[in-house]
Every structure is written in structure tokens, then in C-alpha cells.
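This report refers to the structure that appears directly beneath it.
The numbers here are math on the coordinates, done by the rules we state, and not lab data. All of these numbers come straight from a predicted model, not from anything done at the bench. Here Cβ is always computed from backbone atoms with ideal geometry, including for glycine, and neighbour counts include all displayed protein chains.
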Amino acid sequence: MSQPKRIAITGAAGQICYSMLFRIAAGDIYGPDQPVSLHLLEITPALGMLEAVKMELDDCAFPLLNDVIVTDDPRVALDKVDAALFVGAKPRGPGMERSDLITDNGKIFSSLGAILNEVGSPDCKVCVVGNPANTNAYILKANAPNINPRNITALTRLDHNRAISQLAGKTGSTVADINRMVIWGNHSTTQVPDISYATVNGKAASDMVDKAWAQEEFIPTVAKRGAAVINARGSSSAASAANGVIDHMATWIQGTPAGDWTSMAVLSDGSYGIDEGLIYSFPVECKDGEYTIVSDLDVSDFIREKMLASQQELREERDTVADLLPG
Ligand code: NAD
Ligand code: LMR
């Protein structure tokens, strides 16, 4: 068997991680032939709870789980890892926007970014989950110039999966029938779920649903789903977020199926006129551990306007955290 892949996970005693770690240990990111080593990071007061999580991981006797490190030292957790999942951050409560978390959570990403810069591998694959995810990834990138900036991504796969599920429900199909969904922009209420290119069993989704549904129901339902879960559950999505992270990483590493793509918030290279350097969600194809932004899609004026509004929100979030951006 090959050398274990080392995965750092922050906020490992929190609720998302309780739904995520066991699946990673079972092989859901790197596949059934690849051993993994988990580097679990928590703040000091949560180490007791994290030890309990490690006990449960041990008790599962996962054949692919090589070893588990439990630590409150980010230098130990992030040391030369192959992948780093930045989950640890405050979640929002009812009535809040994700951007309300910037002041508290942004600092976590500047300090962990600086440490990743010192001890991390330059090609470490990063997925930022803690909210506001795109801007936290932007902060992390700015503080970690030694890390390949293309490898610093944020999670919009949960939104992508929510969008597929809504379209499947509306068209009386299954999620497996749906390809080419897109989420553009920020993981916030300005995100742009877009069915323009989606197919359902090979047929154009836009021919199967009313324009009014696509514009006035589908988009807000997906964009506000996080808040709907918080209102129903009292706390933010956990199992579906964990599943989104696993899908994000597994697709990045193992590839998108032929004819399909996924959505990831990645470094903008200026595609679709979006400011270079922002962490913005695009449709991407993945192959051999690399992603490529899907190019040359025709974007309608309706969607374009929303894409620009989401870009504007990201610019404003970036300006709010200027003190966390070196140089
Ligand atoms: P949680 O409160 O259950 O767990 C967060 C954990 O992070 C806690 O155990 C806490 O001790 C730990 N932590 C805090 N600061 C840390 C630090 N500096 N280093 C290491 N660990 C630290 O929260 P949760 O429900 O697991 O959510 C975590 C984050 O993920 C929140 O910000 C939430 O809003 C976000 N989230 C994002 C998405 C997405 O799609 N991008 C989806 C769901 C949740
Ligand atoms: C989600 O989309 O469920 C998460 O970002 C949590 C939240 O605050 O909405």
C-alpha cells in the first residue's frame, strides 16, 4: 500500500467534523486503496472532547486509518500535510448573515494561514469551510504566499448539491439524472445558482421548468437554504456540510465524471470578467488532482447582473478585513 495521505482538519471536535471524520477515515476522499493519517486541531478547551472523537475513531478499526494526531498546536497539525480542511470557526445563529462572522473568524484564518505558510507543503490542497468561507480563504491565501494560491479553495459544493436536489424535485427526476449545475460567486445569499447549462437526463433543464421558477423560487431557495436549516434545527447544517466537503475534495482529487462539472470557490483568473485574485465560485472540471474553470459559457444578462452583485459583496468583505491582509 502507498504512503498515507496526511489531512489536517481544524475544528475537529465540532459538529461538522463529527459527521465528516469517520467518512474520511473510511476512504471517502482519497478512495478505497489509499491509507490516511488525520491531524486533528482544536483550541485547548476542546481537547478533551477531541480525545473522545479519537477514541471513537479508534473503536471503528478503519483499515485505511494509519494514525490520528490530536493537538492544539497548529504547527503540528499543518506540518507538511497533503490536504487541510479549515472547518474551525464560529457558526452563525438565527437572524445573522455569514458576513457577520468576519470580525471573529477572519483572525483565525490570518493566523493559521501564516502558520501554514511556514510548515505546510507548497502544493497542499486547502478547502476553507468556516464562514464567511470565500473571504476567509482570501485571508488565508494572503497570509500564505508560499502555498500555491490555486490550491486555496472554499466550499460551495453544499450549495451545488442543494441546487441539484431542488431541480431534481421540481422535474420529478433523481439527482443522478442531473449534470452541469453551476453556483457562481460567494457562499452567501448573493450566490447565483444557475440552471442555464444544466441537463436532466440529457435534456436542457431550462426547457423543463418555468423561467419564473428558475429566477424567483429556485435561486432564493438555494441561496437561503443555510438559514432555513438554522431556523429549523437551531444550529447550522452539519451532516450536509460534511458531505459537501467530502464531495469537494473527492471530486478535486479523483475527477469529475465525463460530461459533468462541479462548483468550487477558487482563485479567479479573470474568467467571466471577475476580478483576478478573488475567491469566487465557478463551474470547474477536475482531472488528475487539478481543476480547470469551465470557459466560454454564454451568460445571460439576468445571471451576469447577479454575478456582479456577488463580486461586489466579495470586494466589500475583502475591504472589511484589510487589516488581516499583509502588504
Ligand atoms: P462548531 O461550533 O460545532 O465547531 C467549530 C469548532 O471549531 C469548535 O469545536 C471550536 O472549538 C473550533 N475552533 C474554533 N476556533 C478554532 C481554531 N482557531 N482552531 C481550531 N479549532 C477552532 O461549528 P460547525 O457547525 O462545525 O461549523 C464550523 C464552521 O463551518 C462555521 O463557521 C460554519 O458557519 C461553517 N459552515 C460552512 C459551510 C459551507 O458550506 N461553507 C457549511 C456549514 C457550516
Ligand atoms: C450553510 O450554508 O448551511 C452554512 O454556510 C451555514 C450557514 O450559516 O448557513
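Report, as a whole number in µm² per second, the diffusion coefficient that Stokes-Einstein gives for segment 18-74 at 4 °C and 1.567 mPa s using the Kirkwood radius over alpha carbon pairs. All intermediate terms of the calculation are to be shown ahead of the outcome.
On the way: Rh = 11.6 Å.
Roughly 111 µm²/s, to the nearest whole number.
Residue by residue, what Karplus-based ³J(HN,Hα) values in Hz, rounded to whole numbers, does segment 98-108 have, using 6.51, -1.76 and 1.60 with θ = phi - 60° and x for Gly and Pro?
Computed from phi, the couplings for segment 98-108 are 5, 5, 5, 8, 3, 4, 6, 7, x, 4, 4 Hz.
Can you count the Lys pairs in the chain with C-alpha separation below 24 Å, eight or more apart or on different chains?
Taking the chain as the scope, the lysine pair count is 29.
In the Gaussian network model of the chain, springs joining C-alpha atoms below 10 Å, which of 118, 276, 97 carries the largest mean-square fluctuation?
Looking only at 118, 276, 97, the largest GNM fluctuation is found for 276.
Would you mind checking which residues have amide H under 5 Å from residue 81's amide H? H placed 1.01 Å from N; only 5 or more apart, or other chain.
For residue 81, whose amide H was placed from the backbone, the distant partners under 5 Å are 121.
Suppose we keep just the DSSP beta bridges with both residues in segment 105-253; what percent of those would be antiparallel, to 5?
Looking only at bridges with both residues in segment 105-253, the antiparallel portion is about 70 percent.
Report the dimensions of segment 71-117 along its three principal axes from the alpha-carbon atoms, largest first, rounded to Å.
For segment 71-117, the Cα extents along the three principal axes come out at 39, 18, 15 Å.
Mean separation of Cα pairs under 8 Å and 6+ residues apart, divided by the residue count of the chain: what relative contact order is that in percent?
In percent, rounded to a whole number, it is 17.
Checking a compactness column here: for segment 225-265, what do you get for Rg(Cα) / (2.2 N^0.38 Å), N being the number of residues?
Normalised by 2.2 N^0.38 Å, the Cα Rg of segment 225-265 equals 1.46.
Rank 122, 91, 45 by mean-square fluctuation in a GNM of the chain with C-alpha springs under 10 angstrom and give only the top-ranked residue.
Greatest mean-square fluctuation among the candidates belongs to 45.
Quick check on the chain: helices-only [θ] at 222 nm, where DSSP H runs of length 4 and up contribute -39,500 (n - 2.57) each and the sum goes over total residues. Nearest 500, please.
When only DSSP H runs of four or more count, the value is -12000 deg cm²/dmol.
Choose one answer from 164, 152, 69: the residue with the largest mean-square fluctuation in a GNM of the chain with alpha-carbon springs under 10 Å.
Per the Cα network of the chain with a 10 Å cutoff, 69 tops the list.
Mind pulling up the Rg/Rh value for the chain? Radius of gyration and Kirkwood radius, both on Cα.
Working: Rg = 18.9 Å, Rh = 19.9 Å.
Ratio of gyration radius to Kirkwood radius for the chain: 0.95.
Take 17, 286 and order them by how many other Cβ atoms sit within 10 Å, fewest up front.
Result, fewest neighbours first: 286, 17.
As a footprinting exposure proxy, order 173, 188, 235, 263 by other Cβ within 10 Å, with the fewest listed first.
235, 173, 188, 263
Of all beta bridges DSSP finds with both residues in the chain, what is the antiparallel percent, to the nearest 5?
In the chain, approximately 45 percent of DSSP beta bridges are antiparallel ones.
Spelling out what I want: for every residue of segment 7-13, take phi, set θ = phi - 60°, compute 6.51 cos²θ - 1.76 cosθ + 1.60 (Karplus), and round to whole Hz; glycine and proline get x.
Computed from phi, the couplings for segment 7-13 are 10, 8, 9, 9, x, 6, 9 Hz.
Which three extents, in whole angstrom, do the alpha-carbon atoms of segment 42-182 cover along their principal axes, largest first?
Largest first, segment 42-182 extends 49, 39, 34 Å along its Cα principal axes.
Taking every eigenvalue of the Cα gyration tensor of segment 123-192, multiplying by 5 and rooting it, what semi-axes result, largest first, whole Å?
30, 13, 8
If a/c stays under 1.5 just call it rounded; otherwise compare a/b with b/c (prolate if a/b is bigger, oblate if not). Do that for segment 232-298, with a ≥ b ≥ c from the square roots of the Cα gyration tensor eigenvalues.
Working: a/c = 2.30, a/b = 1.40, b/c = 1.64.
Note, shape of segment 232-298 comes out oblate.
Ranked by Cβ crowding within 10 angstrom, fewest neighbours first, how are 320, 190 ordered? Don't skip to the end; give the middle numbers.
Working: 320 15, 190 19.
Going from least to most buried by this count: 320, 190.
To one decimal place, what orientation-averaged projected area in nm² is obtained for the convex hull of the Cα set of segment 153-276?
Here the figure is 8.1 nm², rounded to one decimal.
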